[in-house]
Amino acid sequence: MEKNPETTTTQVRADRYMFQTYGRFPVTLVKGDGCRVWDDEGKEYLDFVAGIAVCSLGHGSPVVCRTLKEQCEKLVHVSNLYYTEPQTDLAQMLVEHSFADRVFFCNSGAEANEAAIKLARKYSLEKFGPDRHVIISMNNSFHGRTMATLSATGQSKIQAGYDPLLQGFRFVPFNDVAALDEAMDKDVCAVMLEPIQGEGGVVCPAPDYLKQVRTLCSEKGVTLIFDEVQVGMGRTGKLFAHEHFGIAPDIMTLAKALGNGFPIGAMLSTNKMGQAFGPGSHATTFGGTPLATAVSKAVLQSLLQDGWVTNAEKNGRISQVRTEQPCRKTRND
Ligand SMILES: Cc1ncc(COP(=O)(O)O)c(C=O)c1O
């Protein structure tokens, strides 16, 4: 088929002017509506990618569009040196619907995990003193692409080329409590994991695994961090994936579907941990702008009130019956 010259131009120009960090499909998308997107030749696609676990309310969501427009006309950005109502509202909603007492807003999953790593280390330093800074994470995990989060990511292909990585990360196989126990020396301050591994291949925890991890961490005074950047925000049929397992972490990170496509991340923790972050200990210019938090608040309200989470739960049960397992595998490599 003849290429639309516009398409060629966009793709050729993108390849000419941008870093080649993405292996892209030769498709230029111009429009979205619900779970469908269209390319610049008018071809319609059913969007199973959803921006990689982001657009849970679909494209062109009226809730998102309306909120964006209204908040844009009121206030887009102010410094975090001031209070804003949307930011406070969203923090309150997240706290009221989770284990957490406190929220820090940022712009992405990697940033949320950076905040979690910093909080875990600072808390440990203040409570237990120095030499207790190691964070254990899992083989095949994914926590982001910044230097700290790629150092925490258990995939050599993500880390390749960036030595020296940050010190103080140790890896064990997912779903292996004995290996975790053995790795938990006196220098460990935190265990960081995705309750269901996403980029590692959609790997579910064994039935009691997370409970056992929680018990180990509690016994040893080690902080438990759940990275719910990919699996959080209702995508598993509960607002947060760990709720399926009857336990709670000390710190949780969110991003992706939190803004349905408007960039926002969040790091949540208990009051006990939160005390380690005082004024000046962590900050970001764009974290929790009125615009981002107004959109995210509308997204969260819709997820909870308009039946999206229960719909995910219902459809999850149908696919579970069809495949006779909750997700593809429960491996421990
Ligand atoms: C579990 C998990 N954590 C963190 C990240 C990083 O998020 P971001 O790309 O927003 O920095 C991702 C991205 O895929 C992820 O899946």
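The values are calculated or read from the model by the stated rules, or taken from the named source; none is laboratory data. All values reported here derive from a predicted model rather than from experimental measurement. Positions of Cβ are generated from backbone atoms using ideal geometry, with glycine treated the same way; all protein chains shown enter the neighbour counts. The accessibility values were calculated without ligands, DNA or RNA, using every heavy atom of the protein model including side chains. Shrake-Rupley method; radii C 1.70, N 1.55, O 1.52, S 1.80 Å.
Remarks
- Relative contact order of the stretch 63-305, pairs being alpha-carbon contacts under 8 Å that are 6 or more residues apart, as %: 31 percent
- Listed by chain and number, the lysines whose C-alpha is less than 19 Å from the C-alpha of LYS74, apart from same-chain residues fewer than 8 away, are LYS297.
- Neighbour-limited loop hits for chymotrypsin sites (Phe, Trp or Tyr not before Pro), the stretch 151-241 (at most 13 other Cβ within 10 Å; DSSP other than H, G, I, E, B): TYR162
- Sorting the Cα pairs of the stretch 78-149 by distance into bins of 5 Å, from 0 upward, gives 3, 13, 17, 19, 21, 17, 8, 3, 0 percent per bin.
- Here the Karplus curve 6.51 cos²θ - 1.76 cosθ + 1.60, taken at θ = phi - 60°, turns the phi angles of the stretch 115-120 into couplings of 4, 5, 4, 5, 5, 4 Hz, with x standing for Gly and Pro.
- With helices as the sole contributors, the chain gives -11500 deg cm²/dmol at 222 nm; each DSSP H run of n ≥ 4 counts as -39500 (n - 2.57), and the sum is divided by every residue.
- C-alpha long axis of helix 5-17 to longest principal axis of the chain, angle in °: 30 degrees
- Counting only lysines at least 8 places from LYS122 when in the same chain, those with an alpha carbon closer than 23 Å to its own are LYS186, LYS220, LYS272.
- Build a GNM of the chain with springs between Cα atoms under 10 Å apart, and of HIS143, HIS77, HIS133 the one that fluctuates most is HIS77.
- Max mean-square fluctuation residue, GNM over the chain, Cα-Cα springs under 10 Å, options GLY221, GLY280, GLY237: GLY280
- The aspartates and glutamates within cross-link reach of LYS118, meaning a Cα-to-Cα straight distance under 18 Å and a gap of 8 or more places when in the same chain, are ASP101, GLU126, ASP131, ASP187, GLU194, ASP227, GLU228, ASP250.
- Taking GLY32, GLY42, GLY201 as the candidate residues, the one with maximal mean-square fluctuation in a Gaussian network model of the chain, Cα springs under 10 Å, is GLY42.
- Nearest 10 degrees, 0 to 90: helix 290-305 Cα axis against the chain principal axis: 90 degrees
- Inverse mean reciprocal Cα-Cα distance (Kirkwood Rh) of the stretch 63-305, Å: 18.1 Å
- Model label sites at GLN92 and LYS69, defined 7 Å from Cα along the beta-carbon direction, differ in position by 2.7 nm.
- Classification of the stretch 7-88 by its C-alpha gyration tensor yields a prolate form. The axis ratio a/c (a ≥ b ≥ c) is 1.5 or more, and a/b outweighs b/c.
- The residues of the stretch 1-93 present an accessible area of 77 Å² per residue when probed at 1.4 Å with all protein chains retained.
- In the stretch 110-173, the portion of solvent-accessible area held by carbon and sulfur atoms comes to 54 percent [1.4 Å probe, whole percent, DNA, RNA and ligands not counted].
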